[in-house]
Amino acid sequence: MSRRFVAAAAQLGPIQREDSRASVVARMLALVEQARRRDVRFLVFPELALTTFFPRWYFEREEELDAFYERAIPNADVAPLFEAAKAAGIGFHLGYAELSETGAGVVRHNTAILVSPDGEIALKYRKVHLPGHREHEPQFPFQHLEKRYFTRGDLGFPVADFLGGKAGILICNDRRWPEAFRCLGLQGVELVAIGYNTPQHYPRAPEHDRLQDFHNHLSLQAGAYQNGTYVIGAAKAGLEGGCELIGGSCVVAPTGELLAVAATRGDELVAAEIDLDRCAEIKANIFNFKLHRQPQEYGRLVEGTGQ
Ligand code: ING
């Protein structure tokens, strides 16, 4: 069976704090329709795709914070998206803020799922690398309170059978950590979906603002090449809540080549034909793990966090 199909990032432009989920889903439906017309089989929406990137603000009251989370997925707000994708035979990735009521109380995760063309959830992942800080830092122009608003993911780095291949998920900051990509690579991953919300301005190192777009593609391309996998990166982009977010959504080949890149920082479909069989060019040769990896020499990688 051919494993060639069109895959795409569904980049979203800014979502403002007052934008309803219904207004966002309407924009997502327009991208699903564009994808359908271009025979897309797999569509990647960004991290936390249903709301503004709320970790940029400090919330005192939990009720205010909890308004940004989903208590169940699918739900009434996203049902039109699930229905339209299923009707179009499109599998998709969706990032959202997940709130779970457990015996031990409320747990909040930065979560993403893969939904197969028949509408079933094929994979769920909870973000492991939570960047930013835990306490309010009012001296900065905006916050990055993921360490405060989310618990570290507890599902590991899973890979599932999906669209005839093996698929995995990373979320935003995860993409900067080669260990995360390698955990997927060691499971034979051929397709990694990565949503991200990345500010252009990094208050602790403003001299790197000019490098945010470069570091984004550097991370995605390295992860693809070093693990012989396709990578689809989907940005939430543009001026959102007074904070400029990078775009650069893209489809990356297992060779590390950029097959398609976003041209705007708005809602944009970034599509390319992929062929999962091409992963073998890398996996059977330069990154043939069985032949070349030396795990007995890598103990330091899991001895501690490092300085
Ligand atoms: N965002 C950012 C990311 O890793 C960040 C955090 C911002 C890192 C700016 C470096 C510079 O792309 C999320 N949501 O992880």
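In this structure, is His144 within 10 Å of the ligand (Cβ to nearest atom), more than 15 Å from the chain's Cα centre (by Cα), modelled with pLDDT of 95 or more and surrounded by 22 or more Cβ atoms within 10 Å (Cβ to Cβ)?
yes
Which of (1) more than 12 Å from the ligand (Cβ to nearest atom); (2) in contact (Cβ under 8 Å) with a residue 40 or more places away in the chain; (3) part of a loop (DSSP other than H, G, I, E, B); (4) not hydrophobic (A, V, I, L, M, F, W, C) is the odd one out, the single condition Arg152 does not satisfy?
Among (1) more than 12 Å from the ligand (Cβ to nearest atom); (2) in contact (Cβ under 8 Å) with a residue 40 or more places away in the chain; (3) part of a loop (DSSP other than H, G, I, E, B); (4) not hydrophobic (A, V, I, L, M, F, W, C), the lone unmet condition for Arg152 is (2).
If you check Leu114 against the conditions, is it part of a strand (DSSP E or B) and either over 23 Å from Leu145 (Cβ atoms) or acidic (Asp, Glu) (or both)?
yes
Grab the strands (runs of 3 or more DSSP E) fully contained in region 163-255, keeping just those with 1 or more residues being within 16 Å of the ligand (Cβ to nearest atom) and among the charged types (D, E, K, R).
Qualifying strands (runs of 3 or more DSSP E): 238-240, 243-245.
Could you list, ordered by first residue, the pairs with Cβ atoms under 6 Å in which the first is in region 207-225 and closer than 12 Å to Val251 by Cα and without any contact (Cβ under 8 Å) to a residue 60 or more places away in the chain and the second is surrounded by 14 or more Cβ atoms within 10 Å (Cβ to Cβ) and among the small types (Gly, Ala, Ser), at least 6 apart or interchain?
Listed by first residue and then by second, the contacts come to Leu220/Gly233; Gln221/Gly256; Ala224/Gly256.
Here's the yes/no breakdown for (1) among the hydrophobic types (A, V, I, L, M, F, W, C); (2) over 15 Å from the mean Cα position of the chain (by Cα):
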{"position": "Pro203", "(1), (2)": "no, yes"}
{"position": "Asp209", "(1), (2)": "no, yes"}
{"position": "His215", "(1), (2)": "no, yes"}
{"position": "Leu218", "(1), (2)": "yes, yes"}
{"position": "Gln221", "(1), (2)": "no, no"}
{"position": "Ala224", "(1), (2)": "yes, no"}
{"position": "Gly228", "(1), (2)": "no, yes"}
{"position": "Gly233", "(1), (2)": "no, no"}
{"position": "Lys236", "(1), (2)": "no, no"}
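So which residues in region 256-301 are of a type in the set (Asp, Glu) and assigned to a helix (DSSP H, G or I)?
Residues satisfying the conditions are Asp277, Glu281, Glu297.
Here's the yes/no breakdown for (1) surrounded by fewer than 18 Cβ atoms within 10 Å (Cβ to Cβ); (2) in contact with a strand residue (DSSP E or B) (Cβ under 8 Å, 6 or more places away or on another chain); (3) more than 22 Å from Lys127 (Cα to Cα):
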{"position": "Gly188", "(1), (2), (3)": "yes, yes, no"}
{"position": "Thr198", "(1), (2), (3)": "no, yes, no"}
{"position": "Pro203", "(1), (2), (3)": "yes, no, yes"}
{"position": "Pro206", "(1), (2), (3)": "yes, no, yes"}
{"position": "Asp213", "(1), (2), (3)": "yes, no, no"}
{"position": "Ile246", "(1), (2), (3)": "no, yes, no"}
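I'd like the full set of residues that are closer than 12 Å to Arg41 by Cα and touching a strand residue (DSSP E or B) at 6+ places or on another chain (Cβ under 7 Å), limited to region 82-115.
Selection gives Ala85, Ile90, Gly91, Phe92, His93, Val115.
Taking the options Thr264, Thr255, Thr305, name whichever one is among the hydroxyl-bearing types (Ser, Thr, Tyr), without any contact (Cβ under 8 Å) to a residue 40 or more places away in the chain and surrounded by 12 or more Cβ atoms within 10 Å (Cβ to Cβ).
None of the other options fit; the residue is Thr255.
Give region 121-148 a look and list any residue that's farther than 17 Å from Tyr202 by Cα and in contact with a strand residue (DSSP E or B) (Cβ under 6 Å, 6 or more places away or on another chain), or say none.
Hits for region 121-148 are Ile121, Ala122, Leu123, Lys124, Tyr125, Arg126, Lys127.
For region 42-58, how many residues are free of Cβ contacts under 8 Å to residues at least 60 places away in the same chain and either on the phi > 0 side of the Ramachandran plot or surrounded by fewer than 24 Cβ atoms within 10 Å (Cβ to Cβ) (or both)?
1
What is the residue count in region 129-139 for residues that are farther than 18 Å from Arg175 by Cβ and either away from the ligand (no atom under 12 Å from the Cβ) or aliphatic (A, V, I, L, M) (or both)?
Number of matching residues: 6.
Does region 110-118 contain any residue that is away from the ligand (no atom under 15 Å from the Cβ), surrounded by fewer than 22 Cβ atoms within 10 Å (Cβ to Cβ), more than 20 Å from Gly233 (Cα to Cα) and of a type in the set (S, T, N, Q)?
No: zero hits.
Which residues, counting only those in region 171-185, are buried (at least 24 other Cβ atoms within 10 Å of the Cβ), farther than 15 Å from Tyr225 by Cβ and hydrophobic (A, V, I, L, M, F, W, C)?
Ile171, Cys172
The values are calculated or read from the model by the stated rules, or taken from the named source; none is laboratory data. Please read these numbers as outputs of a predicted model, since none were measured by experiment. Please note: Cβ atoms are built from the backbone with ideal geometry, for glycine as well, and neighbour counts cover all protein chains shown.
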